[in-house]
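Undergrad: Sharing a structure here in structure tokens format.
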Amino acid sequence: MSMEKVRDLHEWADVAERNVLVLNYTMTCPLACDFCCYGCHPKRTEKMPLDKARDLISQAAQLDVFSSVGFTGGEVFAYEDDFLELADHLKAVGLPFTAATAGHWGKSKKHADDLAERLVSRGLRRINISCDTSHAEFVPVESVVNAATAMAQQGIPVYIVGTFADPKDDLERMLPELSGHPGIRMFSKRIAQVGRAKKTRLPPRAANNYEGTCYRRIYHDIVVFWDGKTYPCCSTFNRATKGLCVGNAFEESLEAIWRRVDNSPLFLMLKRRGFGELYEAVAKYNPELYQQLPPLNSSPGPCSLCNAMFSKDSVRAGVEAVADELFVDELLASTNALQQRSIGGLLRAPPSDHSGATGGADHG
Amino acid sequence: MADDARKQLRDKLVNDANAREKFFTSFKEAVRATGLNADDPKVMKELGFNTMEPKSVDFARTLDTSIIVTINH
């Protein structure tokens with residue numbers, strides 16, 4: 001199987017994404033959902049400076065490893081003028097974008113239609129609208145319907161995502177008028193135990209004997225928060241996981257951070273081989289550290305397990321060191337194997353075919 | 001390579017992310033120079049480099065996280 005054929009999670013999402021720069025633009029939100037992962041509400045004022053956002057977009061366009069920019073928060077539509085200005089900039093630099101929103105701007109159908117036209121013409125290529133019983137306390141379902149249909153009419157995929165405590169609840173029942181609507185898909189999820197929901201009593205979820213991987217297998221969602229702090233994923237636990245912070249994009253280049261993430265043996269391991277093999281490696285290389293890891297079967301999914309593992313700096317550093325060691329050991333063994341192969345080839349091939357065929361990677 | 005030189009190289013690569021990145025890049029170039037596809041996880045696995053192998057990709061669809069911050073959001 002070639003890497004090109006390996007589907008990343010995002011590819012089931014209508015558009016094949018490579019790396020995505022996600023701007024977590026603000027903690028301001030007209031809503032105050034009881035499970036919000038970042039504890040957002042209308043009185044929070046943290047917002048990314050507009051010039052910083054523009055600069056990050058310019059850097060992303062120059063790097064040529066990002067296929068789009070995602071906006072989230074908080075509620076980026078709370079700063080509609082900023083968002084439109086950034087959309088203009090994205091269009092100018094040739095990067096498409098996506099957004100996550102609660103759809104409060106759909107209160108007026110005319111405004112929703114106008115905004116959808118303006119954003120899609122600037123390169124908005126998918127929108128995620130959150131809607132569930134918590135969101136509905138603040139945003140009428142009619143606004144969501146207006147926002148979703150306005151975007152769908154512009155021809156972009158619309159995902160409506162509901163997050164529920166009760167597994168029996170789902171979006172089809174909440175939004176029957178959008179069920180089966182062309183271009184609109186619904187996803188019903190379970191609340192994760194993070195943010196305002198950290199201490200909420202939720203129906204029990206089965207823990208997995210976890211053999212899974214990070215949700216993105218190949219590429220990365222590089223998430224820059226309003227204060228520049230940067231994380232390697234869109235996990236709902238990212239901000240709550242101290243050891244996941246990979247730098248500050250206001251203090252160093254996006255390229256430096258992206259390279260750090262892309263070349264991290266730890267992230268490679270979590271994405272390609274999964275938690276089970278990482279645990280095996282820790283047991284082999286550092287048995288003492290292994291005793292400090294949360295049990296592999298103690299979490300309902302990879303993000304909560306990652307959060308449990310990497311909240312302590314010492315554990316994060318130890319696990320990262322193990323991943324580095326394993327990576328290097330395999331790399332050196334592979335270099336040997338390649339040299340053996342090349343030498344075998346040399347012995348079999350006529351002299352004129354030799355040039356450049358030896359393994360040149362062994363710098364030692 | 002002598003054992004002590006190998007150990008020195010290993011220590012350098014474990015502790016220096018930049019050196020590791022350069023070495024890995026050179027390694028992939030060397031793989032390509034032999035006519036193999038360095039981006040093919042199967043090829044890399046045959047060489048003993050398991051970290052490239054994407055395993056159970058379909059499993060990624062069943063995770064409790066989703067597209068662009070969509071739970072608890």
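Undergrad: Measuring from centroid to centroid over Cα atoms, what is the spacing of the range A:271-322 and the range A:67-92 in Å?
TA: Spelled out, the Cα-based centre of one part sits 36 Å from the other.
Undergrad: A further question follows. Give me the angle, in degrees from 0 to 90, between the Cα long axis of helix A:80-93 and the longest principal axis of the Cα atoms of chain A, rounded to the nearest 10.
TA: The helix A:80-93 is inclined about 40 degrees to chain A.
Undergrad: Suppose R0 equals 30 Å. What FRET efficiency, 1/(1 + (r/R0)^6) with r the Cβ-Cβ distance, do A:Asp114 and A:Arg259 give to the nearest 0.05?
TA: 0.15
Undergrad: So how much accessible area does A:Ser342 have, in Å² to the nearest 10, using a 1.4 Å probe?
TA: 10 Å²
Undergrad: Can I ask one more? Counting only other chains, and only Cβ atoms inside 10 Å, what mean value do you get across the residues of A:125-133?
TA: Mean inter-chain Cβ contacts per residue within 10 Å come to 2.
Undergrad: Mind giving me the nanometre distance, one decimal, between the label points for A:Lys43 and B:Ala5, set 7 Å out from Cα along Cα→Cβ?
TA: It works out to 6.8 nm between the two label points.
Undergrad: Accessible area, 1.4 Å probe, largest first: how do A:Trp105, A:Trp258 sort?
TA: Ranked list, largest accessible area first: A:Trp258, A:Trp105.
Undergrad: Taking Cα atoms, how many degrees apart are the long axis of helix A:275-285 and the longest axis of chain A, rounded to 10 and kept between 0 and 90?
TA: 40 degrees
Undergrad: Also, I was wondering about something else. Given a 1.4 Å probe and heavy atoms of the protein chains only, how would you sort A:Thr45, A:Thr72, largest accessible area at the top?
TA: A:Thr45, A:Thr72
Undergrad: How do A:Arg201, A:Arg125 rank by accessible surface area computed with a 1.4 Å probe, from largest to smallest?
TA: Putting A:Arg201, A:Arg125 in descending order of accessible area: A:Arg201, A:Arg125.
Undergrad: Using a Förster distance of 22 Å, how high is the FRET efficiency between B:Thr25 and A:Ile343, based on the Cβ-Cβ distance and rounded to 0.05?
TA: Approximately 0.50, to the nearest 0.05.
Undergrad: One-quarter of the Cα convex hull surface for chain A, in nm²? Mind dumping the intermediate values first?
TA: Numbers: hull surface 87.1 nm².
Quarter of the Cα hull surface area: 21.8 nm².
Undergrad: Hey, with R₀ at 51 Å, roughly what FRET efficiency would A:Glu85 and A:Gln291 work out to, going by the Cβ-Cβ distance, to 0.05?
TA: Calculated value: 0.45.
Undergrad: Here is a further query. Could you tell me the distance between the Cα centroids of the range A:147-199 and the range A:93-109, to the nearest Å?
TA: After rounding, the separation between the Cα centres reads 15 Å.
Undergrad: May I ask you to order A:230-239, A:81-90, A:327-336 by the average number of other C-beta atoms within 10 Å around their residues, highest value first?
TA: On the way: A:230-239: 26.3, A:81-90: 18.4, A:327-336: 20.6.
Going from most to least packed, we get A:230-239, A:327-336, A:81-90.
Undergrad: Shifting gears a bit: How shielded is B:29-38 by partner chains, expressed as the average number of their Cβ atoms within 10 Å of its Cβ atoms?
TA: Mean shielding by partner chains, rounded to a whole number: 5.
Undergrad: Additional query: Looking only at other chains, what is the average number of their beta-carbon atoms within 10 angstrom of each beta-carbon in B:6-18? Write out the running numbers ahead of the final one.
TA: Details: counts 4, 1, 1, 6, 6, 1, 3, 9, 8, 3, 1, 6, 2.
Counting Cβ atoms of other protein chains within 10 Å of each residue's Cβ and averaging gives 4.
The values are calculated or read from the model by the stated rules, or taken from the named source; none is laboratory data. In this text the structure is predicted, and so the values were computed from the model without any measurement. Note: ideal-geometry Cβ built from the backbone for every residue, glycine included; neighbour counts use all protein chains shown. For accessibility, only protein heavy atoms count, side chains too; no ligands or nucleic acids. Shrake-Rupley method; radii C 1.70, N 1.55, O 1.52, S 1.80 Å.
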